[in-house]
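The values are calculated or read from the model by the stated rules, or taken from the named source; none is laboratory data. Not measured: the values here are computed from a predicted model. Backbone-built Cβ (ideal geometry, glycine too); neighbour counts: all protein chains shown. Accessible surface areas use protein heavy atoms only, side chains included; no ligands, DNA or RNA. Shrake-Rupley method; radii C 1.70, N 1.55, O 1.52, S 1.80 Å.
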Amino acid sequence: MKKQHTIQLSIGGMSCAGCVSVVEQALQKVAGVATAAVNFAEHTAEVTGDVTADALVQAVVDAGYEAAELRDPAKEAQARAAAEAAEYRGLMRRAALAGGIGAPLMLMDWAGAMPMLGSSGGRLFWLVIGAISLPVMIYSGGRFFRGAWKAFKNHNANMDTLIALGTGSAWLFSMAITVLPTLVPEQARHVYFEAAVIIIALINLGSALELRARGKTSAAIQRLIGLQPRTARVVRNGEEVDIAIEQVGLNETLRVRPGEKIAVDGVIIDGGANIDESMLSGEPLPVSKQVGDEVSAGTLNTTGTFLFRATRIGKDTVLAQIIDMVRQAQNTKPEIGRLVDKVAAVFVPVVMIIAVLTFMVWLNFGPEPKAAYVLLTTMTVLIIACPCALGLATPISIMVGVGKAAEYGVLIRNGDALQQARRLTTVVLDKTGTVTEGRPRLVAIETAGTWQADEALRLAASLEQGSEHPLAAALLAEAKACGLGLGEVQGFAAVSGHGVSGQVDGRRLLLGNQRLLAQHGVELAALAESQANMSARGETAVHLAVDGQLVALLAIADAIKADSKAAIQRLQRAGLEVVMLTGDNARSAQAVAAQVGIDHVLAEVLPGDKAAKVRELQLRGVVAMVGDGINDAPALAQADVGFAIGSGTDVAIESADVVLLRDSLHGVADAIEISAATVRNIKQNLFGAFVYNTLGIPVAAGILFPLTGMLLNPMIAGAAMAASSLTVVSNANRLRLFKPSKVSL
């Protein structure tokens, strides 16, 4: 198999949704390309396959556009911000110059102060205006004419084509009748120099405002990139020195002081601190870290100082991978976006056909002066039809929605997952590590007679200190937390499937299940009721016998996460059916389900059968699967939307559509709410864009003229076109204010 990799490109020269299709087709034709997706809002492309960046860049250039490979996200983000700022200033200068020439002419026209073309001095006046407006059009509107020419050479048509045809024909017609007025009847001798420059001014102004508003949509990426510090303090040859982040090597020792951000991923080797990990998890409370704990790049050390060893650097850090995931998701298209691209690809050619039909109808059936009406209606159709808003409607909302989800610790890996999440009817939850913490711990101790709980725990932990069993780890962890000193073990023996035995402090101990104690004739009646209660709660009862007498029951359970019940209630309030799917025994599964309010439980399901259970549920709805283990991977891939708990295995995360960085099920509810808000926003944008073009084109063509005598002014069309794009971008940016519903714990 050929090795596939992902290449990101910055695309220059795209002016409308039609350009997206042209660039994508050019990229897909390159040998070795598997997929190619172009993001019009960010002017980027993401290509996967066995292909070189140079081949892709050349294909884009051959199609009439500009391209460059994106390599360093931080540096490229800064470069892009600087380039966009320069482009914004350039657009404003072009708009100001064209507006400065066109606005006075427009006001004079409205005031009736313009000299008639046939009046004394009128012809000279308009020749001067035409001569002045030409360099203005070249400077302020040159990008449209250059773009139109490139598209023409590549047998394409785009927004630039429409604007260039509209304004260019207006200027040429005006200059022609100024030089040779007899070309048209006297009543048709109206010039449109001011309309041409005002339209160019308005479109430049709209593009500038759109560019500024569009820049806010990638704020999530910019914030993530800004989290990584520029320098790191490393310990070399016994001295601490500050170096550039790019120079940090694997296994180097780094120092982090209070108030500093962590430069790379690593493991603490000396000291400790409280780390603010809200950029990863969305949780505001700092997390206590000690020797042996992992720390992540971009997180903030709030208190304490420590040394840590670098384990992941550069693009391998968690932060870099998060940035990459967010960027990839922002560049993917949901189903609705792909449909819009197909429509946009044929939109400009259809508009040009409509413009030709408009020209022919007015030429053959229009009233006098036909030439004036033909030019006016055809130019207005071309200008009002530019599908900028249509091209921005989907990607701009996807960018903001994915970025907003990242702020809440939810990494959405593709656009389809973002669209599908709002349609979910069933959420399937794995038990261990998803609803529960995934770490068995001691939850209760019941003693017999005069025995104290601490002494029973000390003896049990002493006996287990040589064992690697998960239940032993739970006992040892609790004994350590309580500060209990452990005794020396003699004659330790493990009985498979039953428990362990040995001597501690001269006492003979048995620790295990009922079968172990029954084999040694230990009476169990003293704590029979306690054992029944533990079993009903789904806890594992570990029996401790000392010198042949039952002295304690130690209840070990995989504790339910503190917020699981509230998160599940939140999902149920949203109308979702919540199902628990687990390989654990039915009694334990039912006990956990009862505590968190889940009615539908599928227990004792083998790992290989989990995907089949998800398929069964899909027969009656849209299903999400939430899990964290390798055994969940097939079910995550089978589900309509797979959610992987971020603390889970790499295999589970790679199989999922959504990664929850917070170890909480609230991330599922957050993702669903953000999905609904994003798709709602996309539909609002598309409605506005489609309605604008659907209603605007017939009005521009003059459909109301026979009834009302009204025609749309080309300048109004230009302003409306610019306003439509700005409206779509502004509406998408409303998502930045979205907050998931409040949670009552």
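In terms of solvent-accessible area of protein heavy atoms at a 1.4 angstrom probe, what is the ranking of Asp558, Asp416, Asp632, highest value first? List each step's numbers first, then the result.
Values: Asp558 35, Asp416 60, Asp632 0 Å².
Listed by decreasing accessible area, they come as Asp416, Asp558, Asp632.
What order, most packed first, do the peptides 300-309, 165-174 have when packing is the mean number of other Cβ atoms within 10 Å of each residue? Before the final figure, lay out the partial values.
Numbers: 300-309: 17.7, 165-174: 22.0.
Taking the mean over residues of other Cβ atoms within 10 Å, the ranking is 165-174, 300-309.
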Which FRET efficiency, nearest 0.05, do Arg620 and Gln503 yield, Cβ-Cβ r, R0 45 Å?
0.15
In nm, the gap between the two label points placed 7 Å beyond Cα toward Cβ at Glu604 and Val241 is 6.5 nm
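Compare the peptides 240-251, 425-436, 592-603 by average per-residue count of other Cβ atoms within 10 angstrom and give them in order, highest first. Walk me through the numbers on the way to the answer.
Values: 240-251: 12.7, 425-436: 23.9, 592-603: 17.8.
Highest to lowest by the protection proxy: 425-436, 592-603, 240-251.
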What is the distance, in nm, between label points placed 7 Å from the Cα along the Cα-to-Cβ direction at Ala103 and at Asn154?
3.6 nm
At q = 0.19 Å⁻¹, the log10 of I(q)/I(0) for the range 357-450 from a Debye sum over equal Cα scatterers comes to -1.01
For Ala55 and Asn251, extending 7 Å from Cα along the Cα-Cβ vector and measuring point to point gives, in nm, a value of 3.8 nm
Pairing the Cα long axis of helix 53-62 with the longest principal axis of the chain, what angle in degrees results, from 0 to 90 and rounded to the nearest 10?
20 degrees
Just need the relative contact order of the chain here, percent rounded to a whole number, with Cα pairs under 8 Å and 6+ apart.
13 percent
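Ala55: net charge of surrounding residues, Cβ under 12 Å, Lys/Arg +1, Asp/Glu -1, itself excluded? Write out the running numbers ahead of the final one.
Numbers: positive: Lys29; negative: Asp50, Asp54, Asp62, Glu69.
Net local charge, Ala55 excluded: -3.
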hull vol. (C-alpha, convex hull) per residue for the range 383-498, Å³ -> 199 Å³
Hey, what did the range 480-572 get for relative contact order, percent, Cα under 8 Å, at least 6 apart?
19 percent
Output wanted: per-residue J couplings in Hz (rounded whole) for the range 684-696, from phi through Karplus 6.51 cos²θ - 1.76 cosθ + 1.60, θ = phi - 60°, x for Gly and Pro.
4, 4, 5, 4, x, 5, 5, 4, 4, 6, 5, 7, x
How do the peptides 658-667, 529-538, 680-689, 398-407 rank, highest first, by the average count of neighbouring beta carbon atoms within 10 Å per residue?
398-407, 658-667, 680-689, 529-538
Asp293/Ala526 FRET efficiency (R0 56 Å; Cβ-Cβ; nearest 0.05):
0.85
Longer than 30 Å from Cα to Cα, which of Lys610/Lys683; Lys565/Lys610; Lys610/Lys739 are they? Say none if no pair is.
Lys610/Lys683; Lys610/Lys739
Which angle from 0 to 90°, rounded to the nearest 10, does the C-alpha axis of helix 193-215 make with the longest principal axis of the chain?
10 degrees
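Given charges of +1 on the Cβ of Lys and Arg and -1 on the Cβ of Asp and Glu, with all other atoms neutral, how large is the dipole of the chain about its Cα centre, in debye to the nearest 20?
With Lys and Arg at +1 and Asp and Glu at -1, about 2600 debye.
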Which of [x] 1.07; [y] 1.28; [z] 1.24 is the computed Cα Rg over 2.2 N^0.38 Å? It is [y]
Mind checking the angle between helix 73-110 and the chain's longest principal axis? C-alpha axes, 0 to 90 degrees, to the nearest 10.
30 degrees
Using alpha-carbon positions, the gyration tensor of the range 457-551 gives root eigenvalues a ≥ b ≥ c; with a/c under 1.5 called rounded, otherwise prolate if a/b exceeds b/c, else oblate, the class is oblate
